[in-house]
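S.K.: This structure is in structure tokens; I'll ask about it shortly.
The values are calculated or read from the model by the stated rules, or taken from the named source; none is laboratory data. Computed from a predicted model, the values in this text were never measured in an experiment. Cβ placement follows ideal geometry from the backbone for every residue including glycine, while neighbour counts extend to all protein chains displayed.
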Amino acid sequence: MVEFSDQDLAGARFDRVDLTGAVFDHVDLTDARLRAVDFSGAQIRGAGFVGTRLLDVELIDVEIGGDVRNVTINGVDVAPLIEAELDRRSPDRVKMRPEHADGFREAWTILERLWEGTIARARTFPETALNIRVNEEWSFIQTIRHLNFACGAWVNRAVLGDPSPYHPLDLPWEDATGLDGVTWDVDARPSLEEVLAVRRERDATLREVMLSLSEEELAREVTRHERGWPQLEDYPVRRCLRTILNEEWEHRRYAERDLDVLEAASQR
């Protein structure tokens, strides 16, 4: 097998080349031109398609998940249609985009209720199942670890000013390499109770923030230049808290989806 690592192949041309089963990891394809390329069975994760044009393509049995904006298919911007359908399926989703303090409090109350049910459901599975990565996504326990990190970063650090709020069991996003001041172990196998203990602490902090939230606090801008993540400059508290609401909503949806798969597999 030929391996290219840490090489500059900018401007290279691949013509009638067989790359079946090839692995592209942290590859820059900005402004690349792909013509008559077969992507059948391909898996693409953590990719940016900003400004990309796909013409004369066949999109059949394709699954796309992520941030979808200004996506035009056959002359129709499908992003608003997708958003409307997601809101129709889950009416509470609309409340995850609050503008005022009372709306933020309501959104967090909804999330606490929904997560209570999801965690109760997860407890019915054996611990080994909660460490299974369904379709290479995070396991249930890894999902909780990531949400713990998100709350620590966006609430404890960004909103409250703790320069280093991270817990050893926290888990950033998978490609978060080289975050100054942040260490984590993606291969750690803590129990569900261990990660829930951290989550209860983070939830208590977030609940306190929400209860005391005012319109002035929402409009306040924060700057964080200390080692760690996120690095922020005049960033509104409103956006910090919206980030948490979005993370909690979406990752619960993923968790429920994966629990469905695990449950179906256990019944075969």
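S.K.: Among the residues of region 208-234, which ones are among the basic types (Lys, Arg) and outside any loop (DSSP other than H, G, I, E, B)?
M.R.: The one that is among the basic types (Lys, Arg) and outside any loop (DSSP other than H, G, I, E, B): 224.
S.K.: Tell me the residue from 157, 189 that is in contact (Cβ under 8 Å) with a residue 40 or more places away in the chain and either in contact with a Leu (Cβ under 9 Å, 6 or more places away or on another chain) or crowded, with 19+ Cβ neighbours inside 10 Å (or both), please.
M.R.: Only one candidate qualifies: 157.
Yes/no per residue for (1) modelled with pLDDT under 95; (2) over 15 Å from the mean Cα position of the chain (by Cα); (3) within 21 Å of residue 167 (Cβ to Cβ); (4) of a type in the set (Val, Ile, Thr):
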site	(1), (2), (3), (4)
213	no, yes, no, no
224	no, yes, yes, no
236	no, yes, no, no
253	no, no, no, no
257	no, no, no, no
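S.K.: Residue check, residue 117 against (1) of a type outside the set (A, V, I, L, M, F, W, C); (2) surrounded by fewer than 15 Cβ atoms within 10 Å (Cβ to Cβ); (3) part of a loop (DSSP other than H, G, I, E, B), all met but one. Which one?
M.R.: The one condition residue 117 does not meet is (3).
S.K.: Given the conditions (1) among the small types (Gly, Ala, Ser); (2) over 29 Å from residue 11 (Cβ atoms); (3) surrounded by 10 or more Cβ atoms within 10 Å (Cβ to Cβ), and given that residue 75 satisfies all but one, which numbered condition is not satisfied?
M.R.: In the conditions (1) among the small types (Gly, Ala, Ser); (2) over 29 Å from residue 11 (Cβ atoms); (3) surrounded by 10 or more Cβ atoms within 10 Å (Cβ to Cβ), residue 75 misses (3) alone.
S.K.: Continuing with the same structure: Which residues, counting only those in region 128-182, are in contact with a helix residue (DSSP H, G or I) (Cβ under 7 Å, 6 or more places away or on another chain) and of a type in the set (Ser, Thr, Tyr)?
M.R.: 139, 143, 166 - these are the residues of region 128-182 that are in contact with a helix residue (DSSP H, G or I) (Cβ under 7 Å, 6 or more places away or on another chain) and of a type in the set (Ser, Thr, Tyr).
S.K.: For region 120-129, does any single residue satisfy the condition of being farther than 15 Å from residue 192 by Cβ, without any contact (Cβ under 8 Å) to a residue 12 or more places away in the chain and of a type in the set (Val, Ile, Thr)?
M.R.: Kept after step one, since they are farther than 15 Å from residue 192 by Cβ, are these residues of region 120-129: none.
No; the residues of region 120-129 include none that is farther than 15 Å from residue 192 by Cβ, without any contact (Cβ under 8 Å) to a residue 12 or more places away in the chain and of a type in the set (Val, Ile, Thr).
S.K.: For region 236-256, does any single residue satisfy the condition of being farther than 21 Å from residue 68 by Cβ and either among the acidic types (Asp, Glu) or not in a helix (DSSP H, G or I) (or both)?
M.R.: yes
S.K.: How many residues are farther than 23 Å from residue 239 by Cβ, of a type in the set (S, T, N, Q) and assigned to a loop (DSSP other than H, G, I, E, B) when one looks only at region 64-114?
M.R.: 1
S.K.: Which residue pairs have Cβ atoms under 9 Å apart, sit 6 or more places apart or on different chains, and have a first residue in region 1-28 that is exposed (fewer than 10 other Cβ atoms within 10 Å of the Cβ) and a second that is assigned to a loop (DSSP other than H, G, I, E, B) and β-branched (Val, Ile, Thr)?
M.R.: 26/177
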